[in-house]
1. Taking the conditions exactly as written (of a type outside the set (Asp, Glu) and either away from the ligand (no atom under 16 Å from the Cβ) or over 22 Å from Ala249 (Cα atoms) (or both)), does Lys154 satisfy them or not?
2. On the basis of being within 16 Å of the ligand (Cβ to nearest atom) and under 17 Å from the mean Cα position of the chain (by Cα), does Cys215 make the cut?
3. Among the numbered criteria (1) modelled with pLDDT of 95 or more; (2) within 16 Å of the ligand (Cβ to nearest atom), which one does Gly170 miss?
4. With the condition kept exactly as written, say whether any residue in the stretch 165-173 is surrounded by 23 or more Cβ atoms within 10 Å (Cβ to Cβ) and either closer than 25 Å to Asp82 by Cβ or of a type in the set (A, V, I, L, M, F, W, C) (or both).
5. If I filter the stretch 176-183 for residues that are within 13 Å of the ligand (Cβ to nearest atom), surrounded by 19 or more Cβ atoms within 10 Å (Cβ to Cβ) and over 19 Å from the mean Cα position of the chain (by Cα), do I get at least one hit?
6. State which residue is surrounded by the most Cβ atoms within 10 Å (Cβ to Cβ) when the search covers only the stretch 52-75 and only residues that are closer than 12 Å to Asp179 by Cα and out of contact with any Asp or Glu (no Cβ under 7 Å at 6 or more places or on another chain).
7. What about Ser149, is it under 21 Å from the mean Cα position of the chain (by Cα), of a type in the set (S, T, N, Q) and within 19 Å of Lys196 (Cα to Cα)?
8. Here is a list of conditions, (1) part of a loop (DSSP other than H, G, I, E, B); (2) touching a Leu at 6+ places or on another chain (Cβ under 8 Å); (3) aliphatic (A, V, I, L, M), and Leu81 meets all of them except one; can you say which number that is?
Amino acid sequence: MKRVICFLLSMMLLLPVFALAEAEEEEVEIGEIIDAEVSAEESEEEPEEETAPKAGEWTFPVALEDMDPTFVVLANKHYKLDSKFVPKPLVKMKQRKANKDGSNKNGGVLFAKGGTYKLQETCAEALVAMSEGARADGYNLYLKSAYRSYQTQKTMYNNRLKKNKGKDDGWVSQPGSSDHQTGLGCDVVPKSWRDKAMNGKMGKEPECIWMAEHCQEYGFILRYPSDKEEITEINYEPWHMRYVGIPAATYIMENGLCLEEFTEQLQQAIQDYLAAGGDRAKVEKFIQNPTEK
Ligand SMILES: [Zn+2]
């Protein structure tokens, strides 16, 4: 008897809790019922047609599973990287050594000048593959610049300002806004430009034409295209390759986009996906907000 009373008492105490929970679920339930009714009607009338995206469906042309959030990161004046940001894993590039038949002996790339070049590991591997691909087509690509730390960029920027009477001419990025700090950006030049000051004329070289045509096959994009200077706020750089992964690179290059435009589209797609009830956990790592306007 005591047990029954206890049970009844606890049920009375719990009732308001159940009521609350039900009230919270009400909206969802109504939505589900409406959805079920609509789909039932649709399936009666037109059973063959079902093209409308379902709630929470990812409709962006590049699948989420085909992108790595760390590879599509945007670094520019408005999306600055933290001064402590260092890409991982960062690897040292090897200078290419050839076997007797000319094939790659050590998994290296040609260096434009002496020194140390570091890149994020996946990007480094892609650069070796791209260089070998170019070589097979008769072109030699030389790595001239790779990962730059925040501090190195800061020194470079200040030096440029001094040289240019304090005016930012768009040739050297502000610290935190350089694509080179991502470890996914690198400057690749033809043999004749190894020691020359770089400018847009390099784009006419067959090596640069080859890169513009084939880079996406290796996961690279042209980071600063000639027709996007107003958007990137960086002068045309036919030598600056940026790794984003093959699916994203293919989409970007085939649609003539720059990374800023891609980021805008991707962020919009994320907002639309979330607004339609998509799973936040699936997109959270891709969300990027401007650090300043
Ligand atoms: Zn560069």
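1. Yes, satisfied.
2. yes
3. Condition not satisfied by Gly170: (1).
4. Yes - at least one qualifying residue is present in the stretch 165-173.
5. No, the stretch 176-183 has no match at all.
6. Val72
7. Criteria not met by Ser149.
8. Unmet for Leu81, out of (1) part of a loop (DSSP other than H, G, I, E, B); (2) touching a Leu at 6+ places or on another chain (Cβ under 8 Å); (3) aliphatic (A, V, I, L, M): (2).
The values are calculated or read from the model by the stated rules, or taken from the named source; none is laboratory data. The structure displayed is predicted, hence computed values, not measured ones. Note: ideal-geometry Cβ built from the backbone for every residue, glycine included; neighbour counts use all protein chains shown.
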